[in-house]
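Throughout, read-outs are computed from the coordinates displayed, never taken from laboratory work. None of the values given here were measured: they were computed from a predicted structure. Quick reminder, even Gly has a Cβ in these numbers, built from the backbone with ideal geometry, and neighbours come from all protein chains shown.
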Amino acid sequence: MAATHIDYSRTRIHVVSDVHGNARDLARAGDGADALVCLGDLVLFLDYADHSRGIFPDLFGRENADRIVELRTARRFEEARAFGAALWAGIGTDRATAIEKAVRKQYAEMFAAFPTPTYATYGNVDMPDLWPEYAGPGTTVLDGERVEIGGLVFGFVGGGLRTPMRTPYEISDEEYAAKIEAVGEVDVLCTHIPPEVPELVYDTVARRFERGSRALLDAIRRTRPRYSLFGHVHQPLVRRMRIGATECVNVGHFAGSGRPFALEW
């Protein structure tokens with residue numbers, strides 16, 4: 001696949017992930033940078049730190065949000081699904097329609113906050129089918145694709161792997177591995193989820209292992225990119241570590257920090 005060429009004499013890139021509704025800080029995330037990279041999860045369905053924020057509490061209230069977080073944190077996923085289904089049945093509103101309406105409202109705000117240029121890929125809670133309606137000419141959406149920025153080749157793989165949470169953009173391990181393979185050798189490998197390394201996939205607040213990708217880990221070992229950048233795990237045991245020649249960096253839970261990760265060369 002031919003890579004788009006962008007030539008800067010000196011390049012500074014800001015990288016964010018897990019924006020989860022933080023449009024205010026997103027609007028400033030590109031300040032001082034030549035480009036912004038966003039690794040997904042624009043949508044805020046439920047804030048596990050503040051249960052009053054997100055689509056779920058807007059529809060069902062704080063107390064019900066407290067309960068569903070309690071069930072999910074305890075990994076009682078079947079009970080959580082039954083509890084949620086009862087809430088939806090009680091309001092008499094089509095679930096898909098209500099969620100899409102709320103997501104569209106958030107996307108209008110999030111995409112309007114992106115600076116030009118922005119390079120973005122999907123997170124596991126995103127709805128890829130809606131992105132073409134909101135991504136303006138200054139935003140390039142990539143998934144299983146590459147782009148050249150300032151002489152370095154960036155590869156992008158979006159989405160997550162299948163979990164009991166059943167978030168909107170989860171795919172099979174085989175499909176994910178195919179996208180990693182399609183990206184090939186790059187200087188900077190940008191994904192939403194981390195490689196499958198215990199220190200990188202364990203969330204210390206949620207107290208559970210999130211899903212990382214074995215195919216991504218194998219690709220890092222095989223192709224040796226300079227950087228592997230990712231998000232997804234909001235409070236990992238470690239935020240960065242080396243795997244061979246590659247610096248692996250969790251670029252942070254942007255919704256909470258409001259600070260982008262800076263990459264300069």
Q: Starting at the first residue of the stretch 89-94, write each ³J(HN,Hα) from the Karplus equation 6.51 cos²θ - 1.76 cosθ + 1.60 with θ = phi - 60°, in whole Hz, x for Gly and Pro.
A: 4, x, 9, x, 10, 4
Q: Using only the alpha carbons of the stretch 12-93, determine the length spanned along each of the three principal axes and report them from longest to shortest in whole angstroms.
A: 48, 25, 19
**Q.** Distant-in-sequence amide H partners of Ser213 (H built 1.01 Å from N, under 5 Å)
**A.** Glu196
Q. Cα centroid distance between the stretch 163-230 and the stretch 80-117, in Å?
A. 26
Q: Let me have the 222 nm mean residue ellipticity of the chain computed from DSSP H runs of 4+ only, each contributing -39500 (n - 2.57), with the sum over all residues rounded to the nearest 500.
A: -9500 deg cm²/dmol
(Q) Please list 3J(HN,Hα) in residue order for the stretch 225-242, calculated via the Karplus relation 6.51 cos²θ - 1.76 cosθ + 1.60 where θ = phi - 60°; whole Hz, with x for glycine and proline. (A) x, 5, 9, 10, 10, 7, x, 6, 8, 6, 10, x, 4, 9, 8, 8, 7, 9
(Q) If the elastic network links every pair of Cα atoms under 10 Å, which of Asn250, Asn64, Asn22 fluctuates the most in the Gaussian network model of the chain? (A) Asn64
**Q.** Size descriptor, Kirkwood hydrodynamic radius, that averages inverse alpha-carbon separations across the stretch 73-194, Å
**A.** 16.5
**Q.** Percent of Cα-Cα distances greater than 32 Å, calculated over the chain
**A.** 19
Q | Folded to 0 to 90 degrees: helix 62-73 orientation relative to the chain principal axis, Cα | A | 60
Q | Helix 95-113 axis, angle to the chain major axis (alpha carbon atoms, nearest 10°) | A | 40
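Report the FRET efficiency, 1/(1 + (r/R0)^6), for Lys105 and Thr167, where r is their Cβ-Cβ distance and R0 is 25 Å, rounded to 0.05.
On the way: r = 19 Å, r/R0 = 0.75.
Rounded to the nearest 0.05, the efficiency is 0.85.
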Q | Cβ-based charge dipole, the chain, positive-most Cα from Ala29, Ile171, Ser52 | A | Ser52
Q | Total charge dipole magnitude, the stretch 1-149, about the Cα centre, Cβ charges on Lys, Arg, Asp, Glu only, Debye to nearest 20 | A | 220
Q.
What distance in nm lies between label points placed 7 Å from Cα along the C-beta direction at Glu174 and Arg222?
A. 1.7
Q. Taking amide H positions as placed 1.01 Å from N in the peptide plane, with prolines and chain starts having none, which residues 5 or more places from Cys38, or on another chain, fall under 5 Å of its amide H?
A. Val16, Tyr119, Ala120, Thr121
Q. At what distance in nm do the modelled label points of Ala89 and Asp129 sit from each other, each positioned 7 Å from its Cα along Cα→Cβ?
A. 2.5
Q) Mind listing the phi-derived Karplus ³J(HN,Hα) values for the stretch 254-265, rounded to whole Hz, using 6.51, -1.76 and 1.60 with θ = phi - 60°, and x for any glycine or proline? A) 4, 4, x, 8, x, 10, x, 8, 9, 10, 9, 8
(Q) Skipping prolines and chain starts, which residues have an amide H placed within reach, meaning under 5 Å, of the one on Cys190, given they are 5 or more residues away or on another chain? (A) Gly155, Phe156, Val157, Leu229
**Q.** Most fluctuating residue given options Thr246, Thr139, Thr97, as computed from a GNM of the chain linking Cα atoms under 10 Å
**A.** Thr97
Q. Stokes-Einstein at 20 °C, 1.002 mPa s, Kirkwood radius from Cα pairs: D for the stretch 159-210 in µm² s⁻¹?
A. 171
Q. Counting pairs of Cα atoms in the stretch 15-149, how many percent are more than 24 Å apart?
A. 36
Q: When a/c is below 1.5 the answer is rounded, else prolate if a/b is larger than b/c, else oblate, so apply that to the stretch 119-265 with a ≥ b ≥ c taken from the square roots of the Cα gyration tensor eigenvalues.
A: rounded
(Q) Can you tell me what percent of all Cα-Cα pairs in the stretch 183-260 are more than 22 Å apart? (A) 18
